[in-house]
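**Student:** Okay, here's the structure, questions in a sec.
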């Protein structure tokens, strides 16, 4: 099973594994995914779609057990105000559905901001671009592939 996100990693010669899990459409939260994979919640990263008043859409990547700090993210994006994008807008903007959003190989390469906690691990899991599949790779490779800015963006 190859997703566009995995194909992008192949193109960049980045080493990864695909981890699969059974999807529960009634529970798509990242912490449930971590539990199904037997991984720590701070090792599985979720991708949130955010809209800024000055710079438009960006992606915020943070651990499954973390909560986004919009003020901290605004400092990095240089926006005055940020708001999460409505769920109905996520797929048209990214090409991905809830539970499968990734910063890799989306419809458009939005600026990506990753919480600094990502660097505490040797390997992390991020969505492969579909429900039921995660990519297991080094944080440095993920940051390189997404061209992410790393900073403190959680509460």
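The values are calculated or read from the model by the stated rules, or taken from the named source; none is laboratory data. Remember, it's a predicted structure, so these values are computed and weren't measured experimentally. Every residue, glycine as well, gets a Cβ built from its backbone with ideal geometry; the counts of neighbours run over all protein chains shown.
**Student:** Quick one: count up the residues across the range 76-94 that are without any contact (Cβ under 8 Å) to a residue 40 or more places away in the chain and surrounded by fewer than 19 Cβ atoms within 10 Å (Cβ to Cβ).
**Tutor:** The qualifying residues number 11.
**Student:** Still on this structure: What residue, among those in the range 118-155 that are over 13 Å from the mean Cα position of the chain (by Cα) and in a helix (DSSP H, G or I), is surrounded by the most Cβ atoms within 10 Å (Cβ to Cβ)?
**Tutor:** The qualifying residue surrounded by the most Cβ atoms within 10 Å (Cβ to Cβ) is 141.
**Student:** Shifting gears a bit: Can you list the helices (runs of 4 or more DSSP H) found entirely within the range 1-94 that contain at least 2 residues being modelled with pLDDT under 95 and closer than 16 Å to residue 133 by Cβ?
**Tutor:** Output list is empty.
**Student:** Can you tell me which of (1) in contact with a strand residue (DSSP E or B) (Cβ under 7 Å, 6 or more places away or on another chain); (2) touching a residue at least 40 places away in the same chain (Cβ under 8 Å); (3) surrounded by 18 or more Cβ atoms within 10 Å (Cβ to Cβ) is the one residue 99 doesn't meet?
**Tutor:** (1)
**Student:** Give all pairs with beta carbons closer than 6 Å in which a residue from the range 33-47 that is without any contact (Cβ under 8 Å) to a residue 40 or more places away in the chain meets a residue that is surrounded by fewer than 19 Cβ atoms within 10 Å (Cβ to Cβ); count only pairs at least 6 apart in sequence or on separate chains.
**Tutor:** 36/21; 41/31; 41/65
**Student:** From the list 118, 154, 143, which residue is in contact with a helix residue (DSSP H, G or I) (Cβ under 6 Å, 6 or more places away or on another chain) and at negative phi?
**Tutor:** Being in contact with a helix residue (DSSP H, G or I) (Cβ under 6 Å, 6 or more places away or on another chain) and at negative phi holds for just one of 118, 154, 143, which is 118.
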